[in-house]
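**Student:** One structure follows; several queries about it will come next.
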Amino acid sequence: MKIAKVISECNECEFCVIADNRRESKSSFAICMFPNAPHFLIAESQTGDISQHTLTIPDNCPLEDYKETPK
């Protein structure tokens, strides 16, 4: 098995899904949709597109932590 990439924020993750609230024109949400794990809200914005913000990786992220090996 190989590692494809290392991410430093949720915006870079393939499991981060951005959703817009159609009832309120300006609100949007970032949701973690990691397979075989409970989905959860990462962040929300009431003032515009959440994908324009830096989404810090939360402590409960289901991805394995990357630990750099000494050279």
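The values are calculated or read from the model by the stated rules, or taken from the named source; none is laboratory data. What you see is a predicted model; the values in this text were computed from it and never measured. Using ideal geometry, Cβ is built from the backbone for each residue, glycine included, and neighbour counts are taken over all protein chains shown. These accessible areas exclude ligands, DNA and RNA; they are computed on the full protein's heavy atoms, side chains included. Shrake-Rupley method; radii C 1.70, N 1.55, O 1.52, S 1.80 Å.
**Student:** Per the 1.4 Å probe, what fraction of the accessible area of the chain, in percent, lies on carbon and sulfur atoms?
**Tutor:** 50 percent
**Student:** With only alpha-carbon atoms in the gyration tensor, what are the semi-axes of the equivalent ellipsoid for the chain, in Å, largest first?
**Tutor:** 27, 13, 9
**Student:** Still on this model: Calculate the dipole size of the chain relative to its Cα centre from +1 charges on Lys and Arg beta carbons and -1 charges on Asp and Glu beta carbons; express the result in debye to the nearest 20.
**Tutor:** Value, rounded to 20: 140 debye.
**Student:** Along its three principal axes, how long is the stretch 20-60 when you only count alpha carbons? Whole Å, largest extent first please.
**Tutor:** Principal-axis extents of the Cα atoms in the stretch 20-60, largest first: 31, 21, 11 Å.
**Student:** A further question follows. Name the residue, out of ALA43, ALA30, ALA19, whose mean-square fluctuation peaks in a Gaussian network model built on the chain with Cα pairs under 10 Å.
**Tutor:** The residue that fluctuates most here is ALA19.
**Student:** For the chain, with every protein chain kept in place, what is the accessible area per residue (1.4 Å probe, Å²)?
**Tutor:** 85 Å²
**Student:** Given the options CYS16, CYS32, CYS61, state which has the largest fluctuation in a GNM of the chain using a 10 Å cut-off (strictly under) for Cα springs.
**Tutor:** Maximum fluctuation in the GNM of the chain, among the listed residues, is at CYS61.
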